[in-house]
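Values in this text are rule-based calculations from the coordinates and carry no lab data. As the structure is a prediction and not an experimental result, all values here were calculated from the model. Counting neighbours? That spans all protein chains shown, and the Cβs are built from the backbone with ideal geometry, glycine included.
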Amino acid sequence: MSLALCHTPYGDFQLAPFPARHREQLKGWCAADLLLLESAAALGLQGSALLVVNDAHGALCCALQPLAHWTDSKLSQRAMLRNQQRNGLVATPVVWSVDDPPAASVAVMRIPKQLDYLVYQLQALGRALPEGALLLAAGMDKHLSPRSAELIERYFGPTQRHRGQKKARVFSARNSRSGSSAHDSDPDHAATAGSVEATAQYLCEPAGGVLTSRPNVFSGQGLDQGSRLLLQHLHRVHPAQVCIDLACGNGVLGLAAFRQKLAQRVLFCDESALAVACARDNARRLYDHERDAFDFVHADGLNTITRASAQLVLCNPPFHRGHTLDTFTGQRLVRQCARHLPANGQLLMVTNNHLPYLPLLRRHFTVAERVGADRRYDVLLARQ
Ligand SMILES: C[S@@+](CC[C@H](N)C(=O)[O-])C[C@H]1O[C@@H](n2cnc3c(N)ncnc32)[C@H](O)[C@@H]1O
């Protein structure tokens, strides 16, 4: 167990990351969290006037006990709840990224990796927070874009860059965009919380038409090379009554399976609220007359689906965990599939060819083989 004591100006908290592997090396907080907490404490901030944004593992919410946590990530919510429970704290209510953030006089934010998502969040905060509201935003130097300060200034208000500490940096800004409408947004970035405007789109023949995207959704500008390879090998699976598009992103794999009549029903699942919303947009637009054939679940993989419900799972698993290259999340999803699928149930997945997924599949499934490959990717088919 990777539980460790995190010393903050608000007290000490036992924190662990989630998910955590056996003998996890990662901590449940980073220097950017501590810098934010020190900046907030210096201003005497705590409690229901505060909104926390993008708390990775709950360190900010444990210390600040804010009005709400505005996030896209089911994994982050699970991490926060576990850490609050371990420390005997009340659970912070979560507001998902697809909804507007609640009005608060201060927002304490971990700056997200995707710039389109940062812009989306800044625009929504600018509209929702009162004029003059304070934003404290921090990130690790190696993850910050040279454009972070400029974007905060443009989409939220006058911004100050503060001293760095332990390779982390904090910015503060005052809201000058209060009440601005969704249409005042920058033409480069049309996405707005609460509205469903898409940020990008591309034509995907196998899925049956144009796929739109939303901020923070994987491969919004074009079909990922790994997903393309998997689609070339879709015909390898037996048709199923129900298919799960696991870690669905914009829904491309499940929509293609549906179009090719490999599944009568498709359940789309992702840990990102915006990804699930994006898959729903695409399913409704392309197959509106068959909308009853689709279900959408915002969840950490199959963890909330207790009974076997599908005979086929399609998956292009995540290769990152936050900012780090990592196979742990993908391996967890494979193990969930092995538990979920009934006898003869199939998992078709695409993986980077240097990653050891085939031995893992062979350990957890009755048979597993490579059915396709290119220079970078393998397509693997496993059956129970
Ligand atoms: C490589 S992308 C694949 C997206 C889409 N299937 C495609 O082929 O374009 C991986 C997706 O996994 C999602 N993801 C990561 N961890 C997850 C988890 N524990 N449960 C569900 N989805 C997860 C990410 O949000 C991301 O959308």
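Can you tell me the orientation of helix 74-86 relative to the chain, as the angle in degrees between its alpha-carbon axis and the longest Cα principal axis, to the nearest 10?
With both axes taken from Cα atoms, the answer is about 60 degrees.
Give me a comma-separated list of calculated 3J(HN,Hα) values for the stretch 103-115, in order, Karplus coefficients 6.51, -1.76, 1.60 applied at θ = phi - 60°, integers in Hz, x for any Gly or Pro.
Couplings: 5, 9, 7, 9, 10, 10, 10, 8, 5, x, 5, 7, 5 Hz.
Farthest toward the dipole's positive end in the chain, which of Gln346, Gly11, Ala173, given Cβ charges of +1 (Lys, Arg) and -1 (Asp, Glu) about the Cα centre?
Most positive-ward Cα: Gln346.
To the nearest µm²/s, what D does Stokes-Einstein give for the stretch 214-302 at 25 °C and 0.890 mPa s, using the Kirkwood radius over alpha carbon pairs as Rh?
Rounded, D is 190 µm²/s.
Take the alpha carbon gyration tensor of the stretch 294-368, find the square roots of its eigenvalues, order them as a ≥ b ≥ c, and report rounded if a/c is under 1.5; if not, report prolate when a/b exceeds b/c, else oblate.
Judged from the Cα gyration tensor, the stretch 294-368 comes out oblate (a/c at least 1.5, b/c at or above a/b).
Can you give the Rg to Rh ratio of the stretch 1-107, both from alpha-carbon atoms, with Rh computed by the Kirkwood formula?
My calculation of the ratio gives 0.95.
Beta carbons within 10 angstrom, averaged per residue: use that to sort the peptides 98-108, 241-251, highest first.
Averaged packing, sorted descending, gives the order 241-251, 98-108.
Largest first, please: the extent of the C-alpha atoms of the chain along each principal axis, to the nearest Å.
61, 47, 37
For helix 273-286, report the angle its Cα long axis makes with the longest principal axis of the Cα atoms of the chain; keep it between 0 and 90° and round to the nearest 10°.
Around 50 degrees separate the two axes.
Send over the Kirkwood Rh of the stretch 201-383, from the inverse of the averaged 1/r over different Cα pairs, rounded to one decimal Å.
16.0
Would you mind computing, in nm to one decimal, how far apart the modelled labels at Ala308 and Asp99 are, each placed 7 Å from Cα along Cα→Cβ?
For the pair Ala308/Asp99, the computed spacing is 3.6 nm.
Number of Lys pairs in the chain with C-alpha atoms less than 27 angstrom apart, excluding same-chain neighbours closer than eight positions?
12
Regarding the stretch 4-184, what is the average projected area of its C-alpha convex hull, in nm²?
Average projection, Cα convex hull of the stretch 4-184: 9.6 nm².
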